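Structure, as structure tokens:
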Amino acid sequence: MPVVNFRTDERSERALAELTADGATVSEAIRQALVDAVRLRRREQMRRESLEASADPIDLAESRRVLTEMEELRAW
């Protein structure tokens, strides 16, 4: 595993202090923060895509068509 060095600033120092307050090491806190940041980025991307799809008239029409077909196939 490579070692990564970075320069902290006041804001990142405060964040590290908060993330290590439970006894986690700085390395553990940074590794978890990176994983959390990627997860948040992916969720935000999915949210944006969802909003775009919900506003797309072609996509909405297709969704309604599929829903109608599924209703017809549903067991009574």
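Before moving on, here are some points about what is shown:
- So S50, is it without any contact (Cβ under 8 Å) to a residue 24 or more places away in the chain and under 22 Å from the mean Cα position of the chain (by Cα): yes
- Inside segment 24-35, residues that are open to solvent by less than 60 Å² (accessible area, probe 1.4 Å) and either among the aromatic types (F, W, Y) or over 19 Å from the mean Cα position of the chain (by Cα) (or both) make up a count of 1.
- Residues located in segment 22-46, provided they are part of a helix (DSSP H, G or I) and among the small types (G, A, S): S27, A29, A33, A37
- Boolean, E49 is at pLDDT 95 or above, surrounded by 10 or more Cβ atoms within 10 Å (Cβ to Cβ) and part of a helix (DSSP H, G or I): no
- Residues in segment 52-72 that are in a helix (DSSP H, G or I) and acidic (D, E): E52, D59, E62, E69, E71, E72.
The values are calculated or read from the model by the stated rules, or taken from the named source; none is laboratory data. Note that the structure is predicted; figures quoted are calculated from it, not measured. Don't worry about glycine lacking a Cβ; one is built from the backbone with ideal geometry, like all the others, and counts go over all protein chains shown. Note: accessible area is taken over every heavy atom of the protein model, side chains too, but ligands, DNA and RNA are not part of it. Shrake-Rupley method; radii C 1.70, N 1.55, O 1.52, S 1.80 Å.
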